[in-house]
Amino acid sequence: MRFIDLTRPLGATVPVFPGDPPAILECIATVREHGFASHRIAASVHTGTHIDAPAHMQEGGKLLSDIGVERYFGRGVLVDARGTTAVTATALKNIELRRGDIVLVLTGWSAQYGSKRYYADYPEIAPSFAQLLADAHVSLVGMDTPSPDRPHYLVHKLLLSRDVLIIENLTRLEELQEAKEFEVTALPAYWEADAAPIRVVARIP
């Protein structure tokens with residue numbers, strides 16, 4: 001059995017989406033001075049590897065705290081979409097989707113993480129691809145890019161309106177290429193919010 005952590009570490013130097021405030025990770029107590037260590041963190045809930053709930057794009061939509069924990073476990077499905085600028089429905093050719101699947105989209109864009117290009121030129125998910133995921137009632141879709149789309153966020157709205165949650169800023173998806181099957185655990189912080197940091201781990205039997 002093998003475990004692959006698909007998560008980016010969250011710290012004071014983590015890149016943030018353009019327009020978001022920089023993340024702050026500040027030491028507020030030390031073992032030497034206080035007898036214990038503690039830190040304070042301040043960041044947008046959309047910083048680093050995180051998950052979007054319907055409330056991110058819907059007035060009155062579900063918060064993460066409204067979603068059952070069972071949604072964060074499932075069969076993993078890897079979609080290899082490297083070399084494209086738009087992930088269309090053709091990327092799902094010969095892939096059988098099941099209700100409750102966790103679909104991970106490999107674009108290779110993770111290699112740009114930390115560069116100026118990462119937030120500027122990332123490949124997008126096309127509405128045709130998103131529609132097939134929604135129609136199959138998958139639980140989650142995750143990608144190695146900062147977003148599935150750009151303003152006016154049509155894909156965000158399509159997926160979240162159909163209760164398909166979105167994970168952004170994944171890494172190491174290339175390591176799943178040779179896996180015949182794998183399971184995903186994707187547990188977010190239990191926050192009453194429209195998004196939260198998430199730890200995403202693939203388990204290969």
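What to note about this one:
- Counting charges near HIS34 (Lys, Arg +1; Asp, Glu -1) among other residues having Cβ under 15 Å from its Cβ returns a value of 0.
- Taking only alpha carbon atoms, the chain gives an Rg to Rh ratio of 0.98, where Rh is the Kirkwood radius.
- Per-residue ellipticity at 222 nm computed for the chain from its helices equals -2500 deg cm²/dmol, with DSSP H segments shorter than 4 residues left out and the rest contributing -39,500 (n - 2.57).
- Antiparallel %, DSSP beta bridges [both residues in segment 50-204], to 5: 50 percent
- Computed from the alpha carbon positions, the gyration tensor of segment 1-106 leads to an equivalent ellipsoid with semi-axes of 34, 18, 17 Å, biggest first.
- Near ASP163: Cβ cut-off under 10 Å, other residues only, Lys/Arg at +1 and Asp/Glu at -1. The net charge is +3.
- Bridging of LYS93 to lysines at a Cα separation below 28 Å is possible for LYS157, LYS180, once same-chain residues fewer than 8 apart are set aside.
- Residue-by-residue Karplus 3J(HN,Hα) for segment 84-93, coefficients 6.51, -1.76, 1.60, Hz, glycine and proline x: 10, 9, 9, 8, 9, 4, 5, 5, 9, 4
- Residues whose placed amide H lies under 5 Å from that of ALA53, excluding near-sequence neighbours: ALA195
- For segment 132-205, chymotrypsin sites (Phe, Trp or Tyr not before Pro) meeting the loop criterion (DSSP other than H, G, I, E, B) and having at most 16 other Cβ atoms within 10 Å: TYR153, TYR190, TRP191.
- Burial ordering of PHE73, PHE129, fewest other beta-carbon atoms within 10 Å first: PHE73, PHE129
- Interchain or long-range residues, amide H under 5 Å from ALA179's placed H: none
- Within straight-line reach of LYS62, meaning a Cα separation under 19 Å, sit the following aspartates and glutamates at least 8 residues removed in sequence or on another chain: ASP52, GLU70, ASP163, GLU168, GLU192, ASP194.
- Net charge of the neighbourhood of GLU183, taken over other residues with C-beta under 15 Å away and scored Lys/Arg +1, Asp/Glu -1, is +2.
Read-outs: derived from the displayed coordinates by stated rules, not from any lab. These numbers were taken from a predicted model, which means no experiment stands behind them. Quick reminder, even Gly has a Cβ in these numbers, built from the backbone with ideal geometry, and neighbours come from all protein chains shown.
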